[in-house]
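What follows is calculated from the coordinates using simple rules that are stated; it is not laboratory data. Quick caveat, the model's predicted, so the values are computed rather than measured. A quick note on method: Cβ atoms are made from the backbone with ideal geometry, for glycine too, and the neighbour counts reach across all protein chains shown.
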2 protein chains.
Amino acid sequence: MLRITKMTDYAVLILANLALHDKKFLTAKEIASETHISLPTSQKILKKLNRNNLVISKQGASGGYALEDDTKNISVAALLKTLNGDLSITQCSSNDHQCQVEDFCNIGDAWQMINQRVQWALNDITLGDLIHPTRIEQFISTNIPVTRNH
Amino acid sequence: MLRITKMTDYAVLILANLALHDKKFLTAKEIASETHISLPTSQKILKKLNRNNLVISKQGASGGYALEDDTKNISVAALLKTLNGDLSITQCSSNDHQCQVEDFCNIGDAWQMINQRVQWALNDITLGDLIHPTRIEQFISTNIPVTRNH
DNA sequence: ATCATATCGTACTAAAATAGTACTATTTAA
DNA sequence: TTAAATAGTACTATTTTAGTACGATATGAT
């Protein structure tokens, strides 16, 4: 479905929330209540974000989570890659050649080309851009693509 | 997972196969055997392709399927849209505003911007391009994007 | 020291989406 | 009339995704 999972959507929401409270440590409970994502789910996501070094955590009383220093500058491509595991559109175009019909596939590496294009499209947008939509609007308006519509 | 379904992958494979046998009618059985996709699945996909006017069908004895005239010129974006139903990356960025946390979402329409970029990336590649990879390689080499890597 | 409050890791369960199959009806050329 | 093909639909199995729970560990305050 060319679609990221709900979890990744939540994750970005949470990251954005952390970005708003610059540097300050927030507990999972606070984050859950602000983003309206259920507490257990918030916790789960925050742990993952921490493992992937997108947020820093402090254990114990008055602990919590805060944004890593350079997380704001991470590209959406890199973000989705760490959160969703892979940016490939199709499985058969992944690096590990597990495709069953590979030998008979006359599409060849066309999917890979498409993957690459998508990746390019996402490489230029940072998490910081997501939080400041106006900046993106400006950004996009200067990148009118070749049109070959249908 | 920013990933299209197996079914769509199969569909493109089948379309490519039909494109190779230009205009000639092939039975579902033939297509299944050539693409190594199971017969029932091939049939299922071919029916869908037919309903979406990507292939034409002839019923009865000596019937079969063939590519619609202008299917080769359809963009990958349009292709994925008809096959996968939607090109949106996230659900909340779909047109129908069903997002539960919409009111609290400070990402705003950033996802929509990203969706747009991806859509642009896929608008310029046609099904025909997929079948002739060399043409794509050339195509891509002339479209070096702005790099802001991570 | 102890306690209250956090995160951490892991395992488990439920729900939803996807994939695959089967069956009956209809069409068509020989 | 018959054989061979598509058309529609409904059903089942599998896989992925989402959500929850629980015991362990860490930390600051009292």
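Rg and Dmax over the alpha-carbon atoms of region A:6-67 stand at 10.1, 30 Å. Among chain B residues, the beta-carbon with the smallest distance to the axis carrying B onto A is reported, with distance in whole Å, as B:Ala121, 2. Shielding value for B:18-28 is 0, the average number of Cβ atoms from other chains within 10 Å of each residue's Cβ. Label-point spacing at B:Leu20 relative to the other copies reads 5.4 nm, in ascending order, each point sitting 7 Å out from Cα along Cα→Cβ. All other residues with a Cβ under 15 Å from the Cβ of A:Gly63 taken together, and with Lys, Arg as +1 and Asp, Glu as -1, what is their net charge? With Lys, Arg at +1 and Asp, Glu at -1, the net is +4. Take the Cα of B:Ser57, step 7 Å toward its Cβ, do the same at B:Phe25, and the gap between the two points is 1.3 nm. Counts of other chain beta carbons within 10 angstrom of each beta carbon in peptide A:79-90 average 3. In sequence order, region A:58-67 has phi-based couplings of 10, 7, x, 4, 6, x, x, 10, 8, 5 Hz under the Karplus curve 6.51 cos²θ - 1.76 cosθ + 1.60, θ = phi - 60°, and Gly or Pro positions carry x. Placing a label point 7 Å from Cα along the Cα-to-Cβ axis, A:Lys58 is separated from the same position in the other copies by 7.6 nm, shortest listed first.
Cross-linked pairs A:Lys23/A:Lys72; A:Lys6/B:Lys47; B:Lys23/B:Lys58; B:Lys23/B:Lys81; A:Lys24/A:Lys47; A:Lys48/A:Lys81: Cα-Cα separations exceed 19 Å for A:Lys6/B:Lys47; B:Lys23/B:Lys81. Note that region B:68-75 has calculated 3J(HN,Hα) couplings of 5, 3, 9, 5, 4, 8, 5, 6 Hz, one per residue in order, obtained from phi through the Karplus relation 6.51 cos²θ - 1.76 cosθ + 1.60 (θ = phi - 60°); glycine and proline are x.
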